[in-house]
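The values are calculated or read from the model by the stated rules, or taken from the named source; none is laboratory data. Predicted model, so just to flag it, every value in this text is computed and none were measured. All Cβ positions, even for glycine, are placed from backbone atoms using ideal geometry, and neighbour counts span all protein chains on display.
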Amino acid sequence: MVQGKNCRISLDYTNFAISYESVIGVELNELYSFASFILVHASSDSSIPDEKSTLQYFIEPDDKATVFKGQSSTEVTIKMTPSIFQSDSNDWPRENYGYHLSQENLLIKGSVTDGKGILIIDPVLVNLNLVQSENLLLTKRSIVFFVSVLSALVGLIFGLLEVFSGLVSLFESKLKCIYKRFTISSKFHKIIESQKILLRNFNIKKKSLNIEFTKHTSKVNVEEKYEI
């Protein structure tokens, strides 16, 4: 499909599968066909529901004054890792399959030519090399896993609350002990101050009472003496 000055080629495969390695070849033989750049956009259904795995290559000649055209093809390699999705919940499919796409460092640029070479009848060649990975990507969603995580979080919260309660109780006991000591010390200090006041007053003015009892009489003589 031609869009303006760009030629867009779209390939769509259903029930796609590869056996270790597959090649998708694109060959343009139209007169005066060339490519100033090549954009490869690959997309595959992932095993995860409603998710896609995509990647993109943007390829252009090393010399900006040249274009892709000639007998040597541009080689793009894409690694495809089979992926499996499994779930114990009714909210997702019990099992689903797909591919995870990843870029390979192997990239070979094809033949290029200058403006004069465009008039030569040569094709534009692009090969997409799809290589299956030896690994397998497995994704499992389990209700038990979510319940376990939730239980662990609840246990952690209650554990922290218990530690906090213990610290509060320890702080309260220490505070009561300090308050009790402070109260006793305050009372003792008041007693000492009272004694100091009495002694100070007593030193200023002493009063002594001498009481004499006369035999066979009930007369009591009270003599008051003051010393200053």
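Quick check: is even one residue across region 59-66 within 16 Å of Phe16 (Cβ to Cβ) and touching a Phe, Trp or Tyr at 6+ places or on another chain (Cβ under 8 Å)? Looking through region 59-66, none of the residues is within 16 Å of Phe16 (Cβ to Cβ) and touching a Phe, Trp or Tyr at 6+ places or on another chain (Cβ under 8 Å).
The rows are residues; the columns are (1) closer than 17 Å to Gln132 by Cα; (2) part of a loop (DSSP other than H, G, I, E, B); (3) without any contact (Cβ under 8 Å) to a residue 40 or more places away in the chain.
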residue	(1), (2), (3)
Tyr13	yes, yes, yes
Glu27	no, no, no
Ser43	yes, no, no
Val76	yes, no, no
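Evaluating Tyr32 against the criteria (1) in contact with a strand residue (DSSP E or B) (Cβ under 7 Å, 6 or more places away or on another chain); (2) touching a residue at least 24 places away in the same chain (Cβ under 8 Å) leaves one unmet condition, (1).
Taken as a whole, the condition of being aromatic (Phe, Trp, Tyr), modelled with pLDDT under 90, closer than 17 Å to Leu125 by Cβ and in the same structural domain as Glu95 (by TED's automatic domain parsing) does not apply to Tyr13. Pairs please, first residue from region 80-101 and assigned to a loop (DSSP other than H, G, I, E, B), second anywhere and surrounded by 18 or more Cβ atoms within 10 Å (Cβ to Cβ), Cβ atoms under 6 Å, 6+ apart in sequence or on different chains. Filtered contacts from region 80-101: no entries. Looking across region 100-125, the residues that are in contact with a Phe, Trp or Tyr (Cβ under 8 Å, 6 or more places away or on another chain) and under 25 Å from Ser22 (Cα atoms) come down to Gln103, Leu107, Lys109, Gly110, Ser111, Val124.
From the list Pro82, Pro93, the lone residue that is closer than 24 Å to Thr139 by Cβ and in contact with a Leu (Cβ under 6 Å, 6 or more places away or on another chain) is Pro82. Which one is farthest from the chain's Cα centre (by Cα), of the residues in region 62-76 that are farther than 12 Å from Val124 by Cβ and surrounded by 16 or more Cβ atoms within 10 Å (Cβ to Cβ)? Of everything passing the filter in region 62-76, Thr66 is farthest from the chain's Cα centre (by Cα).
Restricting to region 76-106, count the residues that are touching a helix residue (DSSP H, G or I) at 6+ places or on another chain (Cβ under 7 Å) and of a type outside the set (D, E, K, R).
Pass one, region 76-106, residues touching a helix residue (DSSP H, G or I) at 6+ places or on another chain (Cβ under 7 Å): 88-89.
From the residues that got through so far, the ones that are of a type outside the set (D, E, K, R) too are 89.
Looking only at that region, the number is 1.
For Ile48, the criteria (1) under 38 Å from the mean Cα position of the chain (by Cα); (2) under 16 Å from Ser111 (Cα atoms); (3) not basic (Lys, Arg) hold in every case but one, which is (2).
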